[in-house]
Amino acid sequence: TINGIDTARFSKNIDSSAEKREFSLSDDKFRVTYVSRIDTEVALTGFLLCDAAEKLADAIPSLEILEVGGGTAFDKLRARAGEVNKKLGREVVKLTGARTDVAELIATGDIFAGVSRAALEAMSMEKPVILAGAQGYIGVLTEDNLSLAESTNFCCRGEKLPTADDLAADIKRLNDAGKAER
């Protein structure tokens, strides 16, 4: 498959104010956005982001994770997010379900975690990307690992599988970097 992104649609200038209102997303949060089918065979990163939220809640009090998508594992992921939010005493992980306003939802985030076309869409919107999927983990996309990412079609095939610790470390790294460096 040849990936092609409509760069006019997936632009840094997208208005996401309606989505921010709908999901009570404030601008004072450090938001990670994840977009994927939430099917059992591909939703690993969604579950690992829940685990990473637990690890990062104290280090990044403004952390918010917005998970976009629907599928066969959605109810299980929603239950896991509910457990995490209850344990943390606040809603850190939010799920949207299946949506068609993906560009607007990606626009609400400070960074993106995921793979494939969704990662390319986030890149088109000038979002820092953590490449993490059910087939492997590359981490924060940089010039140093761009060739590797391209060789896997931004899906991380053949790389080590992600862990919650990997995601937590890269999320913290990008949070600590600050907006200008990101």
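The values are calculated or read from the model by the stated rules, or taken from the named source; none is laboratory data. Here the structure is a predicted model, which is why all the values come from computation and not from measurement. Note that each Cβ is placed from the backbone with ideal geometry, even for glycine, and that neighbours are counted across all protein chains shown. In case anyone asks, the SASA skips ligands and DNA or RNA and just uses the protein heavy atoms, side chains included. Shrake-Rupley method; radii C 1.70, N 1.55, O 1.52, S 1.80 Å.
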key: Single condition LYS127 does not satisfy, out of (1) more than 22 Å from SER62 (Cα to Cα); (2) open to solvent by 20 Å² or more (accessible area, probe 1.4 Å)   = (1)
task = Considering each of GLY71, GLY109 in turn, give the residue that is crowded, with 18+ Cβ neighbours inside 10 Å, more than 24 Å from THR40 (Cα to Cα), among the small types (Gly, Ala, Ser) and touching a residue at least 12 places away in the same chain (Cβ under 8 Å).
result = GLY109
query = Across region 46-68, what is the total count of residues that are surrounded by 14 or more Cβ atoms within 10 Å (Cβ to Cβ), in contact with a strand residue (DSSP E or B) (Cβ under 9 Å, 6 or more places away or on another chain) and either over 15 Å from ALA132 (Cα atoms) or of a type in the set (A, V, I, L, M) (or both)?
reply = 12
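Regarding GLU83, is this residue modelled with pLDDT of 95 or more, over 13 Å from the mean Cα position of the chain (by Cα) and charged (D, E, K, R)? Let's see the steps before the verdict.
Working: modelled with pLDDT of 95 or more: yes; over 13 Å from the mean Cα position of the chain (by Cα): yes; charged (D, E, K, R): yes.
Taking the combined requirement at face value, the residue satisfies it.
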message = Quick check on my filter: what residues within region 31-45 are open to solvent by 10 Å² or more (accessible area, probe 1.4 Å) and under 20 Å from ASP170 (Cα atoms)?
response = VAL35, SER36, LEU44
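Which one of LEU48, LEU77 is under 21 Å from ALA168 (Cβ atoms), touching a Leu at 6+ places or on another chain (Cβ under 6 Å) and part of a helix (DSSP H, G or I)?
Working: LEU77 fails: touching a Leu at 6+ places or on another chain (Cβ under 6 Å).
Among LEU48, LEU77, only LEU48 is under 21 Å from ALA168 (Cβ atoms), touching a Leu at 6+ places or on another chain (Cβ under 6 Å) and part of a helix (DSSP H, G or I).
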query = So, of the residues in region 133-180 that are free of Cβ contacts under 8 Å to residues at least 24 places away in the same chain and of a type in the set (Ser, Thr, Tyr), which turns out to be surrounded by the fewest Cβ atoms within 10 Å (Cβ to Cβ)?
reply = SER147
